[in-house]
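These notes are about the structure you will find just below.
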Amino acid sequence: VQLQASGGGLVQPGGSLKVSCKVSGINFKLYEMGWYRQAPGKERELVAGITSDHTTNYDDSVKGRFTISRDNVRRTLYLQMNSLKSEDTAVYYCNRRSGAMFQWGRGTLVTVSS
C-alpha cells in the first residue's frame, strides 16, 4: 500500500489550500479513510474522516473550515482547507479512518504564517 500526500505549502492566515493523497495497492473505494496531521512537538491526530459512501466527520477544531472528499475512480483523497489558522500548521497525512493502519506514507507540510 502506498499513500502519497501532496499539495502542501506556505499560506497566510485566513487563506485556503487543498491537499491530495493518492492511494495505491488497495481497493480504495471499500475503505473508510481519514486525514491526520502532526504539528511540531505534538502527536498525530485525526482531523477528518470519510466513509466508502462519502459520509464525513470532522474534529471540532476544523469543523466548518475543512472539507474532506474522495474520488474513488482516481483513488485519491482530498482535504480542502479554508480560513486557515497558525495552529493548522502541521504535516498532513492520509490513512485508514478505522481498523489497522496502513504503513504511513510521506505527508505534506502545511505552514500557515504571515
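The values are calculated or read from the model by the stated rules, or taken from the named source; none is laboratory data. Note that the coordinates shown come from a computational prediction; the quantities given were computed from them, not determined experimentally. Ideal geometry is used to build each Cβ from the backbone, glycine not excepted, and the neighbour counts take in all protein chains shown. These area figures cover heavy atoms from the full protein model, side chains too; ligands, DNA and RNA do not enter into them. Shrake-Rupley method; radii C 1.70, N 1.55, O 1.52, S 1.80 Å.
What is the percent carbon and sulfur in the accessible area of the chain, measuring with a 1.4 Å probe over the protein chains and ignoring ligands?
Of all accessible area on the chain, carbon and sulfur atoms account for 45 percent.
Run the paramagnetic zone check for Leu30: 7 angstrom along Cα to Cβ, then residues of region 52-74 with backbone nitrogen under 20 Å.
52-55, 70-74
Sorted by accessible area (1.4 Å probe), largest first, how do Phe102, Phe28 line up?
My answer, sorted largest first, is Phe102, Phe28.
What does the extension gain come out to for Asn82 and Ser113, with contour length at 0.36 nm per residue minus their alpha carbon separation?
9.8 nm
Please state the charge dipole magnitude for the chain, taken about the Cα centre, from unit charges on C-beta atoms (+1 on K and R, -1 on D and E), reported in debye and rounded to the nearest 20.
In debye, rounded to 20, the chain gives about 320.
With labels modelled as points extended 7 Å from the Cα through the Cβ direction, what inter-label distance (nm, one decimal) is found for Arg74 paired with Glu43?
3.4 nm
Based on the mean of other Cβ atoms within 10 Å per residue, sort peptides 87-95, 67-75, 16-24 so the most packed one is first.
Averaged packing, sorted descending, gives the order 87-95, 16-24, 67-75.
Accessible area per residue for region 23-114 in Å², computed with a 1.4 Å probe and the full protein assembly in place, what is it?
Value returned for region 23-114: 53 Å² of accessible area per residue.
Specify which residue in the list Ile50, Gly105, Ser83 is farthest towards the positive end of the charge dipole of the chain, using unit charges on the beta carbon of Lys, Arg (+1) and Asp, Glu (-1), about the Cα centre.
Of the options given, the answer is Gly105.
So what is Rg over Rh here for the chain, counting just Cα atoms and using Kirkwood for Rh?
0.94
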